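First up is the structure itself, then whatever we jot down about it.
The values are calculated or read from the model by the stated rules, or taken from the named source; none is laboratory data. Note that this is a predicted model, so its numbers are computed, not measured. Note that each Cβ is placed from the backbone with ideal geometry, even for glycine, and that neighbours are counted across all protein chains shown.
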Amino acid sequence: MKKCIFIVSIIVVLFGVLMLVMTPDYRMPWYHNVQFTEAKYNQELDKQELKQTELQAAWKAARTQSEAKIIEQKISVQLLKNVDELIPFWLGTDYDFYGTSTTPGDGKIACGYFVTIILKHLQIDIDRARLSQLPSEDMIKEFATSDKIIRQSNHQSIENLRNALVKNGGGLYCIGLDTHTGLVRVKGNDIRFIHASGRYPWCVVSEKIEKSKTLRESKYKVFARLDNSQIIIDNYLDIH
């Protein structure tokens, strides 16, 4: 009897250790309570807002069109820096089809509302509620001109998606799927799908596109690059 209890205890301990190892950091209690707190997030937002004010002033002070274009290129770079700072805070935030959270790690968030809160916190002035409830392709049309939108149908492979993204250049993309939407961050060969996932682990995740079952199963994909979109840049400059 004692031997059976000992064996069961060992199995329970091993199972607990296995679950701990398999659980992503962002699902651990300390992730949002210690490492990526609301206070730190707000500090980051304040820092990004100051940088926006600086770039707006530089753009207004530009004496030629070429000088203004240089500032716009700096804005594209800054948007990527900003989003790379914000995303880690949102990882692990619980998913819900009706979720509208505005604070990482607090409450729940839906896929469309995740995309729009990131844009809003990138200092892009948008009607979040309206955009979040649009079909994903219609939402993307609000962020990019029609000639910049790429569509893939007939259940094209992830390799085809990767090739199209690489060809279009590294940056930040909004992607729409059959019944889902999210962001794609392209950094060289590292291409990640960042989204509020309605499947395990039911939270905001950042996954390699090759590992994403959601991407793989979608028959239709539509996407556009955001960081160099003139619509996004004009909005950031408050000239929309």
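From the list T53, T93, T64, T102, pick out the single residue that is surrounded by fewer than 17 Cβ atoms within 10 Å (Cβ to Cβ), over 23 Å from N228 (Cβ atoms) and β-branched (V, I, T).
That would be T102, the only listed residue that is surrounded by fewer than 17 Cβ atoms within 10 Å (Cβ to Cβ), over 23 Å from N228 (Cβ atoms) and β-branched (V, I, T).
May I ask you to list the residues in the stretch 62-113 that are closer than 29 Å to G188 by Cβ and either hydroxyl-bearing (S, T, Y) or modelled with pLDDT under 95 (or both)?
S66, S76, T93, Y95
Which residue is surrounded by the most Cβ atoms within 10 Å (Cβ to Cβ), if the candidates are limited to the stretch 67-88 and must be of a type in the set (A, V, I, L, M) and touching a strand residue (DSSP E or B) at 6+ places or on another chain (Cβ under 8 Å)?
L79
Please identify the pairs in which a residue from the stretch 33-47 that is under 12 Å from G105 (Cβ atoms) and surrounded by 11 or more Cβ atoms within 10 Å (Cβ to Cβ) has its Cβ atom under 8 Å from the Cβ atom of a residue that is modelled with pLDDT of 95 or more and of a type in the set (S, T, N, Q), counting only partners at least 6 apart or on another chain.
E38/T103; Y41/T103
Which residues, counting only those in the stretch 136-156, are of a type in the set (S, T, Y) and within 9 Å of A224 (Cβ to Cβ)?
T145, the sole residue that qualifies.
Checking I231 against (1) within 21 Å of Q123 (Cβ to Cβ); (2) aliphatic (A, V, I, L, M); (3) out of contact with any His (no Cβ under 9 Å at 6 or more places or on another chain), only one condition comes out false. Which one?
(3)
From the set of residues in the stretch 58-109 that are over 14 Å from the mean Cα position of the chain (by Cα) and aliphatic (A, V, I, L, M), which is nearest to Q123 (Cα to Cα)?
Among those that are over 14 Å from the mean Cα position of the chain (by Cα) and aliphatic (A, V, I, L, M), it is I75.
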